[in-house]
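Undergrad: First the structure, then my questions, so here it is.
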Amino acid sequence: MDRRTLVVWCAIAFGAPAALAAADVGNIAGGSSSTAPAQNVRSVDRDGRIAELLREGMAMSATLRGLVAALEASDAIVHVSFAHSPALNGYLTHQLTAAGSHHYLRVVLRARLSNRESIPVLAHELQHALEVARSPEVRDSEAMRELFRRIGTPALNSALVHETQEALRVQRQVRAELRA
Ligand SMILES: [Zn+2]
């Protein structure tokens with residue numbers, strides 16, 4: 001893999017543009033229905049699996065509900081998609097687009113994990129999205145890299161991949177909530 005495509009934390013990016021056209025995405029519950037659990041966390045898939053994942057996760061995990069609520073109160077729009085063969089179970093790409101009053105972020109989850117395995121990973125990545133959303137000075141990919149260099153520690157033996165203790169803690173906590 002081209003090393004320039006490696007991203008800064010917990011993530012390996014591949015190619016897709018960060019700014020996804022509104023037409024390419026659906027709200028997680030499939031539209032603007034008042035029953036939508038989230039407006040700022042959006043699915044990119046069309047088969048509804050991410051919406052199902054989020055509903056199932058939010059029903060079982062107070063931690064995931066808290067993360068989604070915090071993102072709902074933020075200016076971050078998080079697009080979530082599945083990929084079939086990423087090297088990691090999940091990642092937040094380093095591609096950040098600030099457009100108008102919103103920050104657009106992209107989370108990718110490994111498609112072959114079960115829902116039970118994916119929900120803690122989704123929570124982990126939403127924690128990273130929140131770390132960005134809570135840093136108003138971060139308006140582009142370079143500033144985002146700088147943020148994770150500051151708040152994270154290098155992971156996977158790569159200076160370009162960073163991890164945060166809080167994301168690891170959130171993931172453990174959600175896993176425990178799913179077992180309860
Ligand atoms: Zn991480």
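None of the figures in this text is laboratory data; all of them are computed from the coordinates on show. Please read all numbers here as calculations on a predicted model, not as lab measurements.
Undergrad: Taking just the alpha carbons, could you work out the radius of gyration and Dmax for the stretch 90-138, both in angstroms?
TA: Both quantities, over Cα of the stretch 90-138: 12.1, 36 Å.
Undergrad: When the Cα centres of the stretch 47-103 and the stretch 120-180 are compared, how far apart do they sit, in Å?
TA: The stretch 47-103 and the stretch 120-180 have Cα centres separated by 12 Å.
Undergrad: For the stretch 101-169, just say rounded, prolate or oblate: build the C-alpha gyration tensor, square-root its eigenvalues into a ≥ b ≥ c, call rounded for a/c under 1.5, and beyond that prolate if a/b exceeds b/c, oblate if not.
TA: Numbers: a/c = 2.00, a/b = 1.37, b/c = 1.46.
Verdict is oblate for the stretch 101-169.
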